[in-house]
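Working notes for the structure below.
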Amino acid sequence: MKNEESSLFYRFLWAYILVALSGCLGNVVDGIIVGNLIDKDGVSAINLSKPIVQFIFTLHLLINAGAGMLVGYALGRNDVGEARRFFSRSLALSVGLGLVITLLGGIVFPADISRLLCSDDVIRPLAFQYMQVLLIGSPAYILMWGLSTMVGVDGSPQLVSVAVIVDNAVNLCLDIVFIQLFGWGITGSSAATIVGHLVGIAILLTHWRRHRRLLPIIETKSLVASWRRIVGQGAPLALASVCLTLLLLSANTIVLSTAGSVGIFVFAVCMNLLQVYNLFISGTCQTLQSLGAITIGKNDSDGFRAVLRRAFRFITVSMVVTCLLVWVFPGTIARLFGATEEVVIAECSHALRIFALSFIPFCYIYVLMIVYKLYKQHRMALFISLALSLTVIPVMWLMAHYLPSGLWYSYLVAYVLEAIAIVILHKATHVELKLVD
């Protein structure tokens, strides 16, 4: 039985890691190809556009992360009708909000958004070209992540894996075709990402040929109440994402004003390193949410604790291996993103090693937020979601003003302080981690 449970855990885990590739590898691949086919200003433009991706991902979390948990709880209780209702209503919200972003962000206000995100006159035109296509294609982003969540919860993580592999293969190939052969420049990079997502969505939709359990239904009864539950369930994760968006906006501004164009390039490479860490975080958290919710729905406390043990074991091993690789090959990573000058490579190597250490406490804290959420300790989950990014901003500002040479240590200092605060708050409020009906 234990081997069976372990196999199920890792089937879900690797499927969700591949799902995370849909959200982050597109940016990493874009950065590498743009850095080599265009220039380092293109890499900086992609990094300055990341708040857009983070904002769209926030909406996905608000809708689909919460709905995925609720669907999991319902399936654990064998309540298929309730599972179908939550899936249908999350699908309607995803499409509706995606179309609103397309209209307002991609068609009406794209120039205003680019001015808000970038103050550099050289980089801004590139950022505008890249982010406008992302905004227009936002429904594809939300649907790709949302359908992946639901198909996985419904027991088909292998199909999710296939969809994401094909999605990213299409993105990689079309990056080169659109930029190099069609001459679309940086616009081709974001267009390739959207087309890849559309192909992934088409593959995910084949799930409903064989599995009818989560067929969408049209039903207006208790619609607002259902939406309220979906949003309430996903709020801590969405809030954490909002804070990360604020952090990206603030950090880009601070780094650009403190370290200039070289600094923003170095920071862009470090943020692409965070995308790699996010693969492991996202995969672990999605597995926790899906299998954790199902075991809670069954009231299986032993099964839930087994899921937790495997999740923390995996995140520990993945963090150690990633950190060692970054410490051994920082210059190779810098060159991968188009760095050629020795002074830039040296600064990248220094920053990458510090960020590799910084992201370790970040990963544990983020997974811990999911654990508190599943244990229905909503206040602790909410505190972590707020502190994840809002702790970094003041530390980074203080470093920039009083110790500019220590700017790259801001994340590490902030996350260590946050870990200490979590321990103190946990003990002070006498939090009990036990399953609640």
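The values are calculated or read from the model by the stated rules, or taken from the named source; none is laboratory data. What you are looking at is a predicted structure, and each value in this text was computed from that prediction instead of being measured. Ideal geometry is used to build each Cβ from the backbone, glycine not excepted, and the neighbour counts take in all protein chains shown. These accessible areas exclude ligands, DNA and RNA; they are computed on the full protein's heavy atoms, side chains included. Shrake-Rupley method; radii C 1.70, N 1.55, O 1.52, S 1.80 Å.
From the set of residues in region 116-125 that are of a type in the set (A, V, I, L, M) and within 23 Å of the chain's Cα centre (by Cα), which is surrounded by the fewest Cβ atoms within 10 Å (Cβ to Cβ)? Per the criteria, the residue is 116.
Any residue at all in region 389-400 that's more than 22 Å from residue 229 (Cα to Cα) and modelled with pLDDT under 85? Lay out the reasoning, then the answer.
Of all residues in region 389-400, those more than 22 Å from residue 229 (Cα to Cα) come to 389-400.
If we keep only those that are modelled with pLDDT under 85 as well, we get 389-390.
So far as region 389-400 goes, yes, one or more of its residues are more than 22 Å from residue 229 (Cα to Cα) and modelled with pLDDT under 85.
The set of residues from region 361-396 being out of contact with any helix residue (DSSP H, G or I) (no Cβ under 6 Å at 6 or more places or on another chain) and farther than 30 Å from residue 293 by Cα comprises just one member, 394.
Checked across region 45-54, the condition of being closer than 28 Å to residue 374 by Cβ and either of a type in the set (A, V, I, L, M) or open to solvent by 20 Å² or more (accessible area, probe 1.4 Å) (or both) holds for at least one residue.
Counting only residues that are among the small types (Gly, Ala, Ser) and in contact with a helix residue (DSSP H, G or I) (Cβ under 6 Å, 6 or more places away or on another chain), region 259-282 holds 3 of them.
Looking only at region 75-116, filter to residues that are touching a Phe, Trp or Tyr at 6+ places or on another chain (Cβ under 7 Å) and not polar (S, T, N, Q); which one of those is nearest to residue 297 (Cα to Cα)?
In this case the residue turns out to be 89.
None of 354, 360, 365, 393 is more than 27 Å from residue 314 (Cβ to Cβ), open to solvent by less than 70 Å² (accessible area, probe 1.4 Å) and among the β-branched types (Val, Ile, Thr) except 393. Of the residues making up region 203-233, those that are under 29 Å from residue 130 (Cα atoms) and open to solvent by less than 60 Å² (accessible area, probe 1.4 Å) number 2. Exactly one residue out of 255, 162, 266 is out of contact with any Pro (no Cβ under 8 Å at 6 or more places or on another chain) and surrounded by fewer than 20 Cβ atoms within 10 Å (Cβ to Cβ), and it is 162.
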